[in-house]
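For reference, the structure is listed below as C-alpha coordinates.
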Amino acid sequence: MFILLGSFTLGLLAVCWFRAQTPSHPLKVIVNGMEVHTLMSDQQNILVGHLEAAGQTNALELFRQYRCSYSADLSSSELGDTVALLRHLREGQTNQAIQLLEQRLSRYANLMCNSYGCLSPTNRERVRLESLEQARDYFTEFPPPVWGAEMEKAVNEVLRLSEKPKK
(Lines give C-alpha, C1' and ligand atoms only; values in the text may rest on other atoms or scores of the structure.)
Protein backbone atom coordinates (compact mmCIF):
# COMPACT_ATOMS: atom_id res chain seq x y z
CA MET A 1 0.00 0.00 0.00
CA PHE A 2 2.86 2.36 0.89
CA ILE A 3 4.62 1.55 -2.38
CA LEU A 4 1.45 2.31 -4.35
CA LEU A 5 0.88 5.59 -2.50
CA GLY A 6 4.56 6.57 -2.90
CA SER A 7 4.50 5.80 -6.64
CA PHE A 8 1.34 7.86 -7.09
CA THR A 9 2.90 10.80 -5.20
CA LEU A 10 6.11 10.67 -7.26
CA GLY A 11 4.10 10.50 -10.48
CA LEU A 12 2.02 13.49 -9.44
CA LEU A 13 5.16 15.47 -8.55
CA ALA A 14 6.71 14.63 -11.95
CA VAL A 15 3.60 15.79 -13.80
CA CYS A 16 3.49 19.03 -11.81
CA TRP A 17 7.20 19.64 -12.37
CA PHE A 18 6.93 19.23 -16.15
CA ARG A 19 3.91 21.56 -16.31
CA ALA A 20 5.55 24.08 -13.96
CA GLN A 21 8.54 24.80 -16.16
CA THR A 22 9.00 28.47 -16.80
CA PRO A 23 7.32 29.83 -19.92
CA SER A 24 9.44 30.80 -22.89
CA HIS A 25 10.12 34.44 -23.52
CA PRO A 26 8.57 35.77 -26.72
CA LEU A 27 10.96 36.11 -29.63
CA LYS A 28 11.79 39.76 -30.24
CA VAL A 29 13.54 41.04 -33.32
CA ILE A 30 15.40 44.29 -32.60
CA VAL A 31 16.67 46.48 -35.46
CA ASN A 32 18.43 49.73 -34.63
CA GLY A 33 17.08 49.59 -31.09
CA MET A 34 13.46 49.19 -32.22
CA GLU A 35 11.37 46.03 -31.98
CA VAL A 36 10.27 44.85 -35.42
CA HIS A 37 7.43 42.38 -35.89
CA THR A 38 8.33 39.92 -38.61
CA LEU A 39 6.07 37.21 -39.96
CA MET A 40 8.46 34.55 -38.62
CA SER A 41 8.73 35.97 -35.09
CA ASP A 42 4.99 36.54 -34.81
CA GLN A 43 4.18 33.02 -36.00
CA GLN A 44 6.76 31.53 -33.64
CA ASN A 45 5.32 33.43 -30.68
CA ILE A 46 1.80 32.26 -31.56
CA LEU A 47 2.94 28.63 -31.73
CA VAL A 48 4.95 28.81 -28.50
CA GLY A 49 2.02 30.46 -26.70
CA HIS A 50 -0.35 27.75 -27.94
CA LEU A 51 2.00 24.94 -26.87
CA GLU A 52 2.60 26.54 -23.47
CA ALA A 53 -1.13 26.99 -22.87
CA ALA A 54 -1.66 23.31 -23.69
CA GLY A 55 1.20 22.26 -21.40
CA GLN A 56 3.10 20.72 -24.31
CA THR A 57 6.59 21.00 -22.82
CA ASN A 58 8.00 18.16 -24.94
CA ALA A 59 6.64 19.73 -28.13
CA LEU A 60 8.08 23.10 -27.05
CA GLU A 61 11.51 21.54 -26.62
CA LEU A 62 11.26 19.78 -29.99
CA PHE A 63 10.25 23.04 -31.63
CA ARG A 64 13.12 24.89 -29.92
CA GLN A 65 15.56 22.24 -31.16
CA TYR A 66 14.14 22.51 -34.69
CA ARG A 67 14.42 26.32 -34.67
CA CYS A 68 17.97 26.25 -33.31
CA SER A 69 19.01 23.49 -35.75
CA TYR A 70 17.62 25.45 -38.67
CA SER A 71 19.45 28.60 -37.57
CA ALA A 72 22.71 26.73 -36.97
CA ASP A 73 22.56 25.02 -40.38
CA LEU A 74 21.71 28.26 -42.16
CA SER A 75 24.39 30.23 -40.31
CA SER A 76 27.01 27.59 -41.06
CA SER A 77 26.14 27.65 -44.76
CA GLU A 78 26.08 31.46 -44.88
CA LEU A 79 29.42 31.74 -43.08
CA GLY A 80 31.06 29.31 -45.50
CA ASP A 81 29.61 31.09 -48.54
CA THR A 82 30.61 34.52 -47.22
CA VAL A 83 34.19 33.48 -46.51
CA ALA A 84 34.48 31.94 -49.99
CA LEU A 85 33.07 35.10 -51.58
CA LEU A 86 35.41 37.37 -49.65
CA ARG A 87 38.43 35.24 -50.55
CA HIS A 88 37.50 35.30 -54.24
CA LEU A 89 37.08 39.07 -54.13
CA ARG A 90 40.33 39.66 -52.23
CA GLU A 91 42.19 37.47 -54.72
CA GLY A 92 40.66 39.32 -57.68
CA GLN A 93 38.59 36.33 -58.81
CA THR A 94 35.45 38.30 -59.53
CA ASN A 95 33.95 35.74 -61.92
CA GLN A 96 34.03 33.05 -59.21
CA ALA A 97 32.53 35.52 -56.70
CA ILE A 98 29.73 36.41 -59.13
CA GLN A 99 29.05 32.73 -59.74
CA LEU A 100 28.76 32.06 -55.99
CA LEU A 101 26.47 35.06 -55.54
CA GLU A 102 24.26 33.92 -58.41
CA GLN A 103 24.06 30.42 -56.90
CA ARG A 104 23.02 31.98 -53.59
CA LEU A 105 20.45 34.18 -55.35
CA SER A 106 19.00 31.18 -57.16
CA ARG A 107 18.93 29.09 -53.96
CA TYR A 108 17.06 31.77 -52.01
CA ALA A 109 14.63 32.48 -54.85
CA ASN A 110 13.83 28.76 -54.95
CA LEU A 111 13.41 28.64 -51.16
CA MET A 112 11.19 31.72 -51.30
CA CYS A 113 8.92 30.15 -53.92
CA ASN A 114 8.62 26.88 -51.98
CA SER A 115 7.96 28.65 -48.69
CA TYR A 116 5.48 31.14 -50.09
CA GLY A 117 3.30 28.35 -51.44
CA CYS A 118 2.85 26.95 -47.90
CA LEU A 119 1.65 30.22 -46.38
CA SER A 120 -1.94 31.09 -45.63
CA PRO A 121 -3.39 34.00 -47.62
CA THR A 122 -3.17 36.25 -44.54
CA ASN A 123 0.52 35.48 -44.05
CA ARG A 124 1.22 35.87 -47.77
CA GLU A 125 0.11 39.49 -47.51
CA ARG A 126 2.93 40.15 -45.04
CA VAL A 127 5.71 38.85 -47.30
CA ARG A 128 7.58 41.44 -49.32
CA LEU A 129 8.11 40.13 -52.85
CA GLU A 130 10.14 42.99 -54.33
CA SER A 131 13.36 41.04 -53.86
CA LEU A 132 11.90 38.06 -55.74
CA GLU A 133 10.92 40.33 -58.62
CA GLN A 134 14.44 41.79 -58.60
CA ALA A 135 15.95 38.29 -58.71
CA ARG A 136 13.74 37.38 -61.67
CA ASP A 137 14.70 40.59 -63.46
CA TYR A 138 18.39 40.03 -62.73
CA PHE A 139 18.31 36.52 -64.18
CA THR A 140 16.40 37.80 -67.20
CA GLU A 141 19.22 40.25 -67.83
CA PHE A 142 22.07 37.87 -66.87
CA PRO A 143 20.75 34.32 -67.41
CA PRO A 144 22.88 31.67 -65.71
CA PRO A 145 22.38 28.05 -66.76
CA VAL A 146 20.93 27.09 -63.35
CA TRP A 147 17.95 29.46 -63.40
CA GLY A 148 15.99 27.87 -66.22
CA ALA A 149 12.37 27.85 -67.28
CA GLU A 150 11.15 25.91 -64.22
CA MET A 151 12.45 28.55 -61.84
CA GLU A 152 10.99 31.34 -63.98
CA LYS A 153 7.63 29.54 -63.87
CA ALA A 154 7.81 29.14 -60.05
CA VAL A 155 8.65 32.82 -59.51
CA ASN A 156 5.87 33.98 -61.81
CA GLU A 157 3.39 31.70 -60.00
CA VAL A 158 4.34 33.20 -56.62
CA LEU A 159 3.99 36.71 -58.00
CA ARG A 160 0.63 35.77 -59.55
CA LEU A 161 -0.59 34.36 -56.21
CA SER A 162 0.36 37.59 -54.48
CA GLU A 163 -1.74 39.77 -56.76
CA LYS A 164 -4.91 41.17 -55.28
CA PRO A 165 -8.08 40.30 -57.18
CA LYS A 166 -9.36 43.20 -59.24
CA LYS A 167 -12.77 44.45 -58.20
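The values are calculated or read from the model by the stated rules, or taken from the named source; none is laboratory data. Just so we're clear, the structure is a prediction, and the values are computed from it rather than from any experiment. We work out accessible area using only protein heavy atoms, side chains counted, and drop any ligands, DNA or RNA first. Shrake-Rupley method; radii C 1.70, N 1.55, O 1.52, S 1.80 Å.
Some points to look at:
- Each residue was assigned an accessible area with a 1.4 Å probe, and for GLU125 the value is about 130 Å².
- The 1.4 Å probe gives accessible areas that order ARG124, ARG64, largest first, as ARG64, ARG124.
- Note on GLN93 and LEU39: the extension gain reaches 15.7 nm, defined as 0.36 nm multiplied by sequence separation minus the Cα-Cα distance.
- Karplus 3J(HN,Hα) series, Hz, for the range 110-117 with 6.51 cos²θ - 1.76 cosθ + 1.60 (x for Gly, Pro): 5, 4, 4, 5, 5, 6, 4, x
- Ranked order, LEU132, LEU86, LEU74 - accessible area, probe 1.4 Å, largest first: LEU86, LEU74, LEU132
- Solvent-accessible surface (1.4 angstrom probe) belonging to THR57, in square angstrom, nearest 10: 30 Å²
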